[in-house]
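Since the structure comes first, as structure tokens, the remarks are kept for the end.
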Amino acid sequence: MNKMHVKVDDNVYVLRGKDAGKSGKVMAVFPKTGQVVVEGVNIVIKHQKAKSHLEQGGRIEQAGKISASNVMLVCPNCKKPSKTGSRFEEIDGETKKVRFCKACGSTISSIK
Ligand SMILES: [Zn+2]
């Protein structure tokens, strides 16, 4: 499994692609393919057929997968899209690997 630099619930900024400049919450990560799904980004419209004459067919807007290398984590502390590094910190008496923001130096969250 590839190590992902972002995880579910992270706020990320899109660097490349048709949604460059947008930011949103990570809804899913796919470590095998190195892809992520970000809320409101890479929207694809799926057409749904009406199942019966009582029901209307509809369009469902869904966020599509994008490459994780196209997104940057938005630091919850300085609110900027930031490069992250990892370091070890002692949390609750345990040494854990955590991510930190290279811009402001604050700890972001632990890596599972
Ligand atoms: Zn920061």
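Some points to look at:
- Residues that are of a type outside the set (Asp, Glu) and within 18 Å of ASP19 (Cα to Cα) within the stretch 39-64 comprise GLY40, VAL41, ASN42, ILE43, VAL44, ILE45, GLN62, ALA63, GLY64, listed in sequence order.
- Qualifying residue in the stretch 30-46 (condition: within 16 Å of the ligand (Cβ to nearest atom), polar (S, T, N, Q) and within 21 Å of the chain's Cα centre (by Cα)): no
- Checklist (1) out of contact with any Leu (no Cβ under 9 Å at 6 or more places or on another chain); (2) within 25 Å of ASP19 (Cα to Cα); (3) more than 16 Å from the ligand (Cβ to nearest atom) applied to LYS80, failing item: (3)
- Only one entry of ILE60, ILE108 meets the criterion of being out of contact with any Phe, Trp or Tyr (no Cβ under 9 Å at 6 or more places or on another chain) and among the β-branched types (Val, Ile, Thr), and that entry is ILE60.
- Filtered residue count, the stretch 1-46, keeping only those that are touching a Leu at 6+ places or on another chain (Cβ under 6 Å) and of a type outside the set (D, E, K, R): 2
- When GLU94, GLU55 are checked against the criterion of being charged (D, E, K, R) and either in contact with a helix residue (DSSP H, G or I) (Cβ under 7 Å, 6 or more places away or on another chain) or not assigned by TED's automatic domain parsing to the domain that holds LYS3 (or both), a single residue qualifies: GLU94.
- Qualifying residues in the stretch 51-95 (those that are at pLDDT 90 or above and among the basic types (Lys, Arg)) - the one farthest from ASP10 (Cα to Cα): ARG87
The values are calculated or read from the model by the stated rules, or taken from the named source; none is laboratory data. Small disclaimer: the values here were computed from a predicted structure and weren't measured. Methodologically, a virtual Cβ is constructed for each residue, glycine included, from the backbone with ideal geometry; neighbour enumeration extends over all protein chains shown.
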